[in-house]
Amino acid sequence: MHPVLFMICVAALVGAVLTAVHHAEIVAHHVGEPFGTLVLAVAVTVIEVALIVSLMLSGGAEAAALPRDTLYAAIMIICNGVVGVCLLIGGLKHHEQSFQIAGIGPALAALVALGTIVLVLPVFTTSSPGGTYTDPQLAFVALASLALWAVFVFVQTVRHRDYFLPAADAANEAVHAPPPPRGKAAVSGALLVVALAATVALAKLLSPSIEGAVAAASAPKAVVGIFIAMLVLLPETLAAVRAARANRLQTSMNLALGSALASIGLTVPAVVAAAVWLDLPLELGLQPKEMAMLAMTFIVSAITLSSGRTYLMQGAVHLVVFAAFLFLALVP
């Protein structure tokens with residue numbers, strides 16, 4: 001791709017992401033919490049699925065590990081990068097922030113369970129070699145992922161919705177401002193879909209250039225998965241950071257963990273269906289280094305989220321783990 005065209009596409013991509021965040025916030029304000037965070041999480045995950053499956057179809061056997069790399073990168077980016085930035089910025093501006101453990105704790109437990117089943121257990125099963133699952137095992141993993149995500153959504157939006165609501169803040173005008181009218185919210189919902197679709201289209205257009213740069217730099221292929229995850233999660237990241245700055249850490253945590261769960265709960269069934277139906281190779285098991293990083297991430301996250309109160313030290317820890325993830329991905 002010509003350098004000028006590349007820069008134009010990058011600028012358009014940034015504009016699409018900012019547009020998506022703006023319209024997602026309008027929709028979120030109209031439907032209220034926690035439905036607003038769920039809207040953005042599901043919309044972005046659907047786009048992620050479309051991008052991964054399209055790259056699997058075009059890449060063939062060489063793309064067998066792309067879903068694994070993207071899911072692993074998504075968990076690391078969300079649990080370390082997004083959470084770390086939110087905690088650091090929130091801690092710098094507000095000293096201490098709080099959220100409800102009753103909602104966030106079980107969400108983290110579900111993420112640990114799904115992350116282990118999808119990305120770790122394939123290395124230890126004996127029915128198929130080399131970090132892969134057999135078709136029956138893939139079917140079980142897909143159903144388990146979808147079922148656990150569905151239960152989480154039911155708990156978040158129906159049975160225990162109050163566990164995911166931010167504490168009332170009389171000084172926060174954004175929370176208590178009147179919601180936008182139905183017509184404006186409907187238009188923003190449609191424009192959100194358009195902006196997310198444009199984000200994926202531009203990301204796919206830029207992918208060959210990124211893959212070429214990765215190959216030219218002799219960097220691992222896993223970097224492509226990191227690139228996809230970062231692009232897909234950028235709208236949610238910006239929304240989560242803005243919520244943390246506004247002292248609405250509960251919304252930030254809803255976005256972060258909800259996105260991670262949706263990323264697995266919706267992506268895995270779609271990828272498994274495509275792999276089985278189209279007879280595409282699929283490698284899900286992580287390498288030992290990545291398993292160690294995943295385990296450290298889950299342990300640090302459990303410690304951070306155990307008290308319901310955060311300050312900048314926890315954010316710094318998560319960001320150091322995130323920096324280690326990026327560095328070791330480039331220098332394995």
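No value in this document is a laboratory result; all are computed from the given coordinates. Quick caveat: nothing in here was measured; it's all calculated off a predicted structure. Backbone-built Cβ (ideal geometry, glycine too); neighbour counts: all protein chains shown.
The residue list V49, L206, L196 was ranked by how far each Cα lies along the charge dipole of region 3-330 toward its positive end, using unit charges on Cβ atoms, and L196 comes out on top. The distance separating the Cα centre of region 239-254 from that of region 86-135 comes to 19 Å. Relative to the longest principal axis of the Cα atoms of the chain, the long axis of helix 101-119 makes an angle of roughly 10 degrees. For the chain, the dipole from Cβ point charges (+1 on Lys and Arg, -1 on Asp and Glu) about the Cα centre works out to 500 debye, to the nearest 20.
Among residues other than A61 with Cβ under 13 Å from its Cβ, the summed charge is -2 (Lys and Arg +1, Asp and Glu -1). Under 23 Å of direct C-alpha separation, and excluding same-chain neighbours fewer than eight residues apart, K221 reaches these lysines: K204, K289. For the chain, the longest principal axis of the Cα atoms and the long axis of helix 222-245 meet at an angle of about 0 degrees. The residues packed around K93, meaning those with a beta-carbon under 13 Å from its beta-carbon, carry a net charge of +2 if Lys and Arg are +1 and Asp and Glu are -1. As I understand it, the value is the acute angle between the Cα axis of helix 3-31 and the longest principal axis of the Cα atoms of the chain; what does it come to in degrees, rounded to 10? Here the helix axis deviates by roughly 50 degrees.
Explain nothing, just the number: relative contact order of the chain, from Cα pairs under 8 Å at least 6 residues apart, as a whole percent. The partial results should precede the final answer.
On the way: 447 pairs, mean separation 144.6, N = 332.
Reported as a whole number, the value is 44 percent.
In the chain, the calculated helix contribution to ellipticity at 222 nm averages -25500 deg cm²/dmol per residue, counting -39,500 (n - 2.57) for every DSSP H run with n ≥ 4.
Site pair S54 and A147 shows an inter-label distance of 3.3 nm when each label is modelled 7 Å from Cα along Cα→Cβ.
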